[in-house]
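Trainee: I have a structure here, written as structure tokens, and I will follow up with some questions on it.
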Amino acid sequence: MDELTWIRQALLVVHAGAFAFAFSTVLREDWALVRTRQIDIASLARAARTLTRALIALWATGLALMALQLGFDAGAVLESPKLAAKLLVVSALTFNGMALHALVFPRLLVRPGDGPVVLPTRAVVLGAVSTASWLVASFIGLSRMVAPSMRLSDYLAVYAAVLAIAVGTALIAMRPAGAFTWRSQP
């Protein structure tokens, strides 16, 4: 095997590892919030740092893999529905993360008294978009068997369906019915 093959394999291993850390972090935090109905600021802050680092690693390794495989030929990227879909979903995931940091996390740091808190709809929706985007990114990454028969519109239809299910489920599951309490001081 040549050196380039080993470099690509190493990048792929780092890419998969970063994804595994990120996806498990998202699932762990979502499950903890649903299960305990408590907002743990310290845990959310750790998760946000982990996800930021993982996204940086994913972008770096993903772009490096793309450059090694296709060069920086935008036409070649657009000719691959799987790659185009992955770039769109990861871009949406990145912008959603920025929105969470800018619009949701600052509100969670302000503790409104000692009573229960109702998560704003914005927080619930952006959280659901995050989880759905990570799930669809994993589907796209693992879609080697079905990729030859899928068009970009097929990938986007899967994304839209998963987003609709995730947001609908989150809005129902996170209703103010039990509100949330604070587990740790901000």
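Just so you know, all these numbers are worked out from the coordinates, no wet-lab data involved. Since the structure is predicted, the reported quantities are computational estimates derived from the model, not experimental observations.
Trainee: Determine the calculated [θ] at 222 nm for the chain from helices alone, applying -39500 (n - 2.57) to every DSSP H run no shorter than 4 residues and normalising by the residue count; nearest 500 deg cm²/dmol.
Mentor: About -25500 deg cm²/dmol.
Trainee: For Cα extents along the principal axes in Å, which listed value, (1) 126, 29, 15; (2) 48, 27, 20; (3) 61, 32, 24, comes from the coordinates shown?
Mentor: The value computed from this structure is option (3).
Trainee: Measure nothing fancy, just the Cα-based angle from helix 152-173's long axis to the longest principal axis of the chain, in degrees from 0 to 90, nearest 10.
Mentor: Long axis of 152-173 versus the principal axis of the chain: about 10 degrees.
Trainee: Right, here's the next one. Which of 97, 17, 71 ends up with the largest GNM mean-square fluctuation for the chain, with Cα atoms connected below 10 Å?
Mentor: Of 97, 17, 71, the most mobile in the Gaussian network model is 71.
Trainee: Out of 59, 31, 134, any idea which swings most in a Gaussian network model of the chain, alpha carbons joined below 10 Å?
Mentor: It is 31.
Trainee: Between 22, 67, 166, which gets the highest mean-square fluctuation from a Gaussian network model of the chain, Cα cutoff 10 Å?
Mentor: Fluctuation is largest for 67.
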